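Step one of this worksheet: look at the structure below.
The values are calculated or read from the model by the stated rules, or taken from the named source; none is laboratory data. Remember, predicted model here, so these are calculated numbers, not experimental data. Note that we place each Cβ from the backbone using ideal geometry, even for glycine, and neighbour counts take in every protein chain shown. For the accessible areas, the whole protein counts, side chains as well, though only heavy atoms, and no ligand, DNA or RNA atoms are used. Shrake-Rupley method; radii C 1.70, N 1.55, O 1.52, S 1.80 Å.
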Amino acid sequence: KLSLASRTDKGVHAARASVSFKMETLDSQVEPFGVGECDDGGVGQRMQLTVEALEAINAHLPPEVQLFGGATVRKSFDSRECASSRTYEYLLPRSMLDGMTVSEFDAV
């Protein structure tokens, strides 16, 4: 089961989206990188995927989908509910400005 940080409308594209899912790893595929909150309220060692593990996973993904990092999270983590921010950028063809400068259009 995948949990996505957000969804997009038809024709809209997402970049740097967060996804959460369960994945089994070998000890050689992860390395420590700090401490984090556990489900029981305590604090424990956090682990992240090694560069080699990321490269191996990306070798199986299509070119337009790439994994930039992976880390352990508490079992109750949900990428949609735990997203700290979302930034939207809208790109319009210059012809839509109808002769206005970008500054004039921003002021509208």
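I'm trying to understand the selection: among the residues of the stretch 23-45, which are open to solvent by less than 80 Å² (accessible area, probe 1.4 Å) and either in a strand (DSSP E or B) or at pLDDT 85 or above (or both)?
T25, Q29, V30, E31, G34, G36, G44
Across the stretch 65-87, what is the number of residues that are more than 14 Å from the chain's Cα centre (by Cα) and open to solvent by 100 Å² or more (accessible area, probe 1.4 Å)?
1
Suppose we keep only residues that are touching a strand residue (DSSP E or B) at 6+ places or on another chain (Cβ under 8 Å) and at pLDDT 85 or above within the stretch 68-103. Which one would you say is nearest to P32 (Cα to Cα)?
Of everything passing the filter in the stretch 68-103, A71 is nearest to P32 (Cα to Cα).
Can you tell me which residue in the stretch 46-64 is nearest to A14 (Cα to Cα), limited to those that are open to solvent by 50 Å² or more (accessible area, probe 1.4 Å) and not hydrophobic (A, V, I, L, M, F, W, C)?
For the stretch 46-64, the residue satisfying everything is E64.
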